[in-house]
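Everything on this sheet refers to the single structure shown next.
The values are calculated or read from the model by the stated rules, or taken from the named source; none is laboratory data. Note that the structure is predicted; figures quoted are calculated from it, not measured. Cβ placement follows ideal geometry from the backbone for every residue including glycine, while neighbour counts extend to all protein chains displayed.
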Amino acid sequence: MTRRGRRRRIVAVALSVAVSLVMAGVAAAALGSGDDAVVRDEPVRVVPALALPSPRTDGETSLEQAILQRGSVREFDPTPLTLGQLGQLLWAAQGQRDQGRTAPSAGGLYPLEVYVAHEGGVYHYRSDGHEVAAVSSTDIRDDLAAAALDQRAFHTAPAVIAIAGVEERTARKYGGRAEQYVLIEVGHAAQNVLLQAAVLGVGAVPTGAFEDDTVAELFDMPDGTEPLYLIPIGRPA
Ligand SMILES: Cc1cc2nc3c(=O)[nH]c(=O)nc-3n(C[C@H](O)[C@H](O)[C@H](O)COP(=O)(O)O)c2cc1C
């Protein structure tokens, strides 16, 4: 089945369950959150969304300490991250600010898309609303490890953040410079995640060695969305 065909099938499945917010409850449980994270009285949407706790903007660790503390971690404790930690990391990658997002973007075109995979499935981050939408309830981490050349970090990480790029969004304005700009931007977003992880006492490693097509399939990324960075993340072992 093609990527598009597989996506249609998943959307059909999502539609059939979206009539009930039970899915949101399942998603919240999978993320290791409490009931307070489930938005039960929201109007029904096509794709079930899960609100994330508001991000902290007043941490006590200085930027200098975060820079010093950051260092690649490749062995993790299997304990899942909390919903608050995951939300904070996703916000660091692409959260909303009063104007724009937490990472700079050429022309303010925001070509990056952020996903997270963990034992409860695959989720897509929506900057607007600071929420995640369920992509699938499949635990893809073993397949992800295989697609990432069996690197050890993928075998123990409770979560993997994927940052993908939609070059077309930037190319509309910047033409042939778009590829360069999108690659620069993913570095900005990933560094935010790594520094935020350091502040949270969470370990992470940025990885670029993986099979692009397989990773795109596993996250069910739309055509034109290319995975650029995978960040296994969790408490250090
Ligand atoms: C573009 C890029 C790709 C990387 N890919 C991988 C990778 O696939 N696997 C891995 O274990 N580390 C990867 N790293 C992490 C580097 O190995 C690591 O940053 C380097 O050893 C320096 O160590 P430090 O991060 O602890 O400062 C990558 C880093 C960058 C910047």
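Observations on the structure shown:
- Taking the conditions (1) at pLDDT 50 or above; (2) assigned to a helix (DSSP H, G or I); (3) in contact with an Asp or Glu (Cβ under 7 Å, 6 or more places away or on another chain) in turn, Glu64 satisfies each one other than (3).
- Of everything listed in (1) part of a helix (DSSP H, G or I); (2) within 16 Å of the ligand (Cβ to nearest atom), the single unmet condition for Phe210 is (1).
- Test for Val215: is it over 21 Å from Ala66 (Cα atoms) and modelled with pLDDT of 95 or more: yes
- Qualifying residue in the range 41-50 (condition: of a type in the set (A, V, I, L, M), under 16 Å from the mean Cα position of the chain (by Cα) and modelled with pLDDT under 95): yes
- Among the residues of the range 82-102, those identified as assigned to a loop (DSSP other than H, G, I, E, B) and either modelled with pLDDT under 95 or crowded, with 24+ Cβ neighbours inside 10 Å (or both) are Asp98, Gln99.
- Selection status of Leu218, more than 26 Å from Thr57 (Cβ to Cβ) and within 11 Å of the ligand (Cβ to nearest atom): no
Condition check ((1) within 14 Å of Ala93 (Cα to Cα); (2) under 13 Å from the mean Cα position of the chain (by Cα); (3) touching a residue at least 12 places away in the same chain (Cβ under 8 Å)) across all residues:
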{"residue": "Asp128", "(1), (2), (3)": "yes, no, yes"}
{"residue": "Gln151", "(1), (2), (3)": "no, no, yes"}
{"residue": "Gly201", "(1), (2), (3)": "no, no, yes"}
{"residue": "Leu230", "(1), (2), (3)": "yes, yes, yes"}
